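Values quoted throughout were computed directly from the atomic coordinates according to the rules given, and no laboratory measurement underlies them. Since we're looking at a predicted model, the values are computed, not measured. Note: ideal-geometry Cβ built from the backbone for every residue, glycine included; neighbour counts use all protein chains shown.
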Amino acid sequence: MARIALEHVDKVYANGFVAARDLSLEAADGELLVLVGPSGSGKSTVLRLMAGLEQVTGGTIRIGERDVTDLPPQKRDIAMVFQNYALYPHMTVRENLGFGLSIRKQPVALINERVRMVASSLGLDAMLDRKPAQLSGGQRQRVALGRAIVREPLAFLFDEPLSNLDAQLRVETRVELSRLHQKLGATMVYVTHDQSEALTLGDRIAVLRDGVLQQVASPMELYSRPANRFVAGFIGSPAMNFIEGTLSAETTGSESGGRFTFKGGDLVLDVRCDSPASSSVVLGVRPQHLEVVGDADGMLRAEVTLVEPMGNEQIVYVSLSGGERLVAVAPPEPPMKQGERVAIRAKRDAVHLFDAKNGVRLSCGGVQPSRD
Amino acid sequence: MTLRPQRWAFGAALALLVLFTLFPFYWAMVASFTPDAALFREPSLWPRTIILDHYRALFVERDFLTPIRNSLVVAGTTTVFCLVVGTLAAYALARLDFKGKPAIMAFILAVTMFPQISIVSPLYLLLRSLRLIDTYPGLIMPYMTFAMPLTVWILTGSIRQIPRDLEEAAHVDGASRRQSFTKILLPLAVPSIATTGILTFIYCWNEFLFALSFTLGPERQTVPVAIALFRGQYQVPWGQILAAAVVATAPVAVMVLGFQRRIVQGLTAGAVKG
């Protein structure tokens, strides 16, 4: 097992498209690092750079301590699971699993032994002599996984391996992958566009946008302290609410760290910040941190425009009198109705402030509702 | 089971098409077993008297085996060369990045646009100065220039349809470029290689103009030329010509039927999701 490190990696295609810009990123030995981002963010390209299927245009890639920047994929000793599985259709499951070993001229006895072990651990014993076409989607997925495990490589790369599975199978396989990671203790890099997959699987998560690394952090850190507005909006479901507004210093502020007042539409909030860089800011609050309450003690009057019952909760879309739209996650009882007049309250200490221009998180703490 | 009117119409149209396609062959078969005299006096859709005279004449009097052998050698060699070179070229065109690829593809296609008749004379002079007139290479090389573009185009298209992921997976699994070509891509390309091979073979088997121009005597004449030269000054031996046609069709028919399973089989099924 070995770490994988990218050092100041650039990848610019001939047509000028930038897939990675000065990217430095490390998956530590035994870590499961998730690369997440919207489509076109360069996450798959980064994985292909690690695999050697694409060449960097600048920077260094290391696996272990070895510089593999100029090595072809077959000399990097890593395994990759492709989004569409990429099973060899003319080979049986047995041949698919053993391909990597037989191409490395391993003894037949060893190949058979390893294939047997991996097949039984993945529940593929009964289908070793079938061709991929005769397997279900989930079985193909396991063969693709097994083909990677059999070789005992230095590290594993996963390119959206669950995206072709149906919802239930996806959750099951996700759990299986987590167990596999614990069992093997292997370095894994996992690419997905699904933020919930990223949060549940990753030891750490790297968020990419347009080839630029936005933030690398643990799932909890990413969720509670997003480094910028993009990360804040991308991580978490439903997406974070944003309200544009201005920040003005409060004349009476005498405590350490200035007190400021945020004004955006109907919303007025007291905020404590270490000297914010700009006065025009964006306030972010997660739907989970908005309470839909009775009229009396609310801060914001709103009208319910849509309700999505989820069983254990309901997602409530409201519009404020100023026209802003917010999303809140409310407990299932009492059921909300479209057109209902409600009030909205943000939970204490649960709002984020970002610079309106560059989206960077402002170090503001101790935010409190103005009317408490 | 009752069939709806559309199904009837479809079946009838299909039957008509089959009849239209197969009748000439059927008629040639019948005629090749009918005495010449009967053929002209009282033509019949059903064979009344079956004789083997035409076939006997073909192989005893005329030595039709030599043209068959010539055709097999020329068409077979051309096909093998075309497939080997064509597959490699198609792999490069489908998978590798290099400058001027569209230009090369266009150029390859342009070669087939020349009317054959327009290059017969220059080719003849060229082959004569190379002392290749009336030899196998003298036919194989011109055939290759005409069959190769087709081979390259068809194979390039079909290799492009094989998911690139498969070769990439093989690379990550430890295969070199050569190994990923021989162990992954080639087996998957077999159906289209077989199809292209058949097309090339048929083209060479039926080719007439070059074969007539670049051979001098019966030792190197191919089947179409030999059949064309059956015709005497005063009479056309229709029975023998049609018998020869039936004999000439046999190898091609056998080959197509033999490869049919491979061609129809979609080998890439199950490679990727879907």
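Remark: region A:128-144, residue by residue, has Karplus-estimated 3J(HN,Hα) of 4, 9, 8, 8, x, 4, 8, 9, 7, x, x, 5, 4, 4, 5, 5, 4 Hz, where x stands for each Gly or Pro and the curve is 6.51 cos²θ - 1.76 cosθ + 1.60 at θ = phi - 60°.
The residues neighbouring A:A19, those whose beta-carbon lies less than 15 Å from its own, together hold a net charge of 0 under the Lys/Arg +1, Asp/Glu -1 convention.
The calculated FRET efficiency for the pair A:T57 and A:D129, based on their C-beta separation and a Förster distance of 45 Å, comes to about 0.50. Phi angles of region B:220-231 translate, via the Karplus equation with coefficients 6.51, -1.76, 1.60 and θ = phi - 60°, into HN-Hα couplings of 10, 6, 8, 4, x, 5, 4, 4, 4, 8, 4, 4 Hz per residue; Gly and Pro are given as x. Working from label points 7 Å from Cα in the Cα-to-Cβ sense, the B:A92 to B:T49 distance is 6.3 nm. A simple count of charges around A:H193, restricted to other residues whose Cβ falls under 10 Å of its Cβ and scoring Lys, Arg +1 and Asp, Glu -1, yields -2. For region A:154-174 and region B:173-229, what is the separation of their Cα centres, given in Å? Cα centroid of region A:154-174 versus Cα centroid of region B:173-229: 45 Å apart.
Determine the calculated [θ] at 222 nm for the protein assembly as shown from helices alone, applying -39500 (n - 2.57) to every DSSP H run no shorter than 4 residues and normalising by the residue count; nearest 500 deg cm²/dmol. Mind dumping the intermediate values first?
Values: 20 runs with 274 residues, N = 646.
Mean residue ellipticity at 222 nm (helix-derived): -13500 deg cm²/dmol.
If you run the Gaussian network model on chain B, springs between alpha carbon atoms under 10 Å, then out of B:L127, B:L52, B:L155 the most flexible one is B:L52. Amide H to amide H distances under 5 Å link A:T57 with A:D10, A:K11, A:V12, where only residues 5 or more positions off or on other chains count and H is placed in the peptide plane.
With θ taken as phi - 60° and the Karplus curve 6.51 cos²θ - 1.76 cosθ + 1.60 applied, the whole-hertz 3J(HN,Hα) list for region A:190-202 is 10, 9, 8, 9, 9, 5, 6, 4, 4, 5, 6, 8, x Hz, x standing for glycine and proline. Modelled spin labels at A:L184 and A:E152, positioned 7 Å past Cα toward Cβ, are 1.3 nm from each other. Ranked for footprinting exposure by Cβ neighbours inside 10 Å, fewest first, A:E95, A:E172 give A:E172, A:E95. Between B:A12, B:A250, B:A228, the Gaussian network model of chain B with springs among Cα atoms under 10 angstrom shows the greatest mean-square fluctuation at B:A12.
Other residues whose C-beta falls under 12 angstrom from the C-beta of A:E95 contribute a net charge of +3, scoring Lys and Arg +1 and Asp and Glu -1. Centre-to-centre, using Cα atoms only, region A:10-66 and region B:7-61 are separated by 69 Å.
Any idea what angle helix A:167-184 forms with the longest principal axis of chain A, computed on alpha-carbon atoms, 0 to 90 degrees, nearest 10? In chain A, helix A:167-184 runs at an angle near 70 degrees to the longest axis. Mean partner shielding of peptide B:173-186, defined as the number of other chain Cβ atoms within 10 Å of each residue Cβ, is 5.
The alpha carbon gyration tensor of chain A gives principal lengths a ≥ b ≥ c with a/c of 1.5 or higher and a/b greater than b/c, which makes the shape prolate.
What FRET efficiency do you get for A:D349 and A:E65 if R0 is 45 Å and r is their Cβ-Cβ distance, rounded to the nearest 0.05?
0.55
Comparing mean-square fluctuations of A:G138, A:G311, A:G100 from a GNM of chain A with C-alpha springs under 10 Å, the top value falls on A:G311. Once both labels are positioned 7 Å from their Cα atoms along Cα-to-Cβ, the gap between B:I104 and A:M220 label points is 5.7 nm.
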